[in-house]
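Comments concern the structure below.
The values are calculated or read from the model by the stated rules, or taken from the named source; none is laboratory data. Bear in mind that the values here come from a model prediction, so they are computed numbers and not experimental data. Don't worry about glycine lacking a Cβ; one is built from the backbone with ideal geometry, like all the others, and counts go over all protein chains shown. SASA here: full protein model, heavy atoms, side chains in, ligands and nucleic acids out. Shrake-Rupley method; radii C 1.70, N 1.55, O 1.52, S 1.80 Å.
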Amino acid sequence: MKFKRASLTVKLSTVFLLMSLATVTVVGYFAWARTKNELKRLAFNQLSIAASLKEGELDRWFDDQRRVFLLINNSPEFQTSAQKLLTQPPSKREYKTAYMLLDEYLQQAAELQPNLQEIFLLNNSGQIIVSTKKLREGSYETTSNFTQLGNNSEFVPTFYTSTLTGNPTSTLTVPVFDRNNNAIGLLATNLSLERIDSIIRERTGLDKTGKTYLVGNFAGKYALISGTNAGERESSAEVRSEGIDKAARGQDGSGLYLNYEKIPVIGVYRWLDKRNLSLLAEMHQDEAFAPANQLALAIVGVGLAAAGMLAVGVYLMRISEHKAEELERTLRELKKTQSQLIQTEKMSGLGQMVAGVAHEINNPVNFIHGNLSYASQYSKDIISLMKLYQREYPVPPPHIRSWANEIDLEFIAADLPKILSSMSLGTERIRQIVLNLRNFARLDESDMKKVDIHEGIDSTLMILQHRLNNSNSQVREISVVKEYGHLPKVECYPGQLNQVFANIFGNAIDALQEAEKHRVLKEIDGPQPAIVIATKMSEDKSRAIVKIMDNGIGISDAVKKRMFDPFFTTKEVGKGTGLGLAICYQIVVEKHGGSLKCFSEPGNGAEFWIEIPIDRSHR
C-alpha cells in the first residue's frame, strides 16, 4: 500500500533500481561464467603442456640412466673382473686383484654418474660382493623389487620403499654371465631420485600455486615419489584425490577437484604406462579463476553504484574498465606463456633429435676415419712388399703372372692409395657436418655460457643449407655474404640464440623465394638473391651487434607494427604459426636484455638488427 501511495518519481526510481539489480545480476553472472570457462580452458592447456614437458623430460632421464648403466655393464673391464669375482674363491690371488680393479672401476663410474646413487654386484644368492658403499658389502638383498633391464629400450621401473632410508627408490639390474652364458650374478644400481625432484618441481609456466608431482603405488597405498630434496610431505604418507585415483586406474584427463591436501584445484592427470607412475599438474582454483571473480564483482559493483548515483556509477564504470584491461592483460600473458611452452617443447624435441642423429652418425664415422690411416699405411706396406717380391722374383710362375694381368695389379697398386685418400676427405667432411649439428643442437642448455656467436651463425646456416640451394632450375640459389667483425665470446643462452638466427634466416629465405617466384612469373631480371650477415661491437664495447639483411620483397608498415605479436602471421594457413618472431623478441629482449629491431620498406628488402650485451654486467 505504501508503494501505491508513493510518488511517481519514487516508483520509477524503485522500479529502475530493481531492474538495474536484476540486469546487473544477470550480466555479472554470464560474464563470470563465460570468463571462467575461458580461463579454465587456458589453464587446462597450460597444465597439459607442462605435463607433456615433464613426461618428456622424465622419459629422457630414465633412458639416459638405462644407457649409462648398460655401458658400465658391457665394458670389457667390468665383465672380466666380475666373472672372476663370481667364479673364483676369495682366497685366490685372482679374486683379490679382480676385487681391487672392479672396486676402482665402480667408484669412478659412480663419481662420473651422480644419478647412480649406489652401484653394486651380487651373486646368485643375493649377497653383495662389491659396492660403492663399503658398509653394504657382505649383506644380502631381496631382488624381488628390482627392475631387470632387457634388450629393448623400453622398461617399466619398479619403485619400492628402501629399508635403509625409508624413502622411495628404484633399483635397476642386469644379469652377469660366465663364458658359457650362464647367469652367475647381477649388476645393480640404486637410482638417485633427486633429479626427478628437480624435473618435477620446476615451476616454469605454472604461476604461483601451480605444481606437478608423481605418485606411485607402494604396498597398496599411493605415495609421492620424492628424492631426499623433497620437503613438502613425508614420502611414505598416503596421498589420495580424485585425480590421483583416476590416473592410477590408467585414465588420462582433467577436471576440478580437491587435491591430496584438500585444496580446490584445477588439474590435469596422466597415467605414465612406461613408468608405472601417475603424473599430475595442478593449480589452485582461487588463482586460476581470480580474474573472473574480479570481473564479476566489478560489474555488480558498477551496476549497484550506477542505480544510486550517476556520477559514482560513471566512476565505478571506469574501475570496471580498468579491471577489464587487467583481465585482457592476464589473458595475453596466458597466451604468451602458452606460445612459449609450445615453442620450447617443439625446439627441445628438435634439439634432442638433431643431437641424437649427430651422435649416431659420429660414432661409425669416427670408427671409419680412425682406421683409414692404418688402412692406408697397411696398403702401402703391402704394395711395398709386392714390389720387393717383383724385384727379387722378376719372373713369377705363369699362373701368378696370369692372375696379376687379369686383376690389373699395377692399376690397383696405383689407385688404392687414391681411394683411401678420397675416403679420408669424405669422412672429414662428415665429421665437420656432425660438429655443426652439435653446435646447433644446444637447444636444451638452460645455463648461460660464453660462446662464439659466429660459430652459432655458421651452424644455423649449415642446417638451412638445403633451402639456400634451390633445386628449381628457374629459381636462383641464395648467396650468403658474411661480413664478420671482431667479436669476443658473448655470455648468452647459445641454443636460444641459435633459434633466433634460425627464425630470422628462415623468414629471409621465404621472402627471397617469394621475390624469385614473382621474377619468374613476370619474366623480368632482378638482383641475385642474397643474405648479408654483418657483425661488430657497439661503440662503448659493451654489446655485440648482428645485422641480417636480405634483398627480398620487404615488409609493410602495417606488418612491422604487429610482427612481434604472438600468433600473428602473414603466411597461409598451415605454413606458419606466428610464433617465430614473437619468440625471437622474448629471447633477445627479455632473456638477454638486448634489443631486436627491423628496418624495411616494401620492395627494398629487410634488415634485422640484433643487439645483446657481451656479459651480464652490462645488462
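Here, the stretch 459-536 is characterised by an Rg to Rh ratio of 1.05, where Rg is the alpha-carbon radius of gyration and Rh the Kirkwood radius.
Of the peptides 64-73, 386-395, 193-202, 594-603, the order by per-residue mean of other Cβ atoms within 10 Å, starting with the highest, comes out as 193-202, 64-73, 594-603, 386-395.
For the stretch 46-136, taking Cα atoms only, Rg and Dmax work out to 17.2, 63 Å respectively. Does the stretch 110-228 come out rounded, prolate or oblate by the C-alpha gyration tensor, with a ≥ b ≥ c the root eigenvalues, rounded set by a/c under 1.5 and, if not, prolate when a/b is larger than b/c and oblate if not? Prolate is the answer for the stretch 110-228, as a/c is 1.5 or above and a/b outweighs b/c.
The label point for residue 48 and the one for residue 604, both projected 7 Å from the Cα toward the Cβ, are 4.6 nm apart. Rounded to whole Å, give me the distance from the Cα center of the stretch 592-618 to that of the stretch 118-148. Their Cα centres are 59 Å away from one another.
Rolling a 1.4 Å probe across all protein chains gives residue 545 an accessible area of roughly 10 Å². Based on protein heavy atoms only, the stretch 46-118 ends up with 51 Å² per residue of surface accessible to a 1.4 Å probe.
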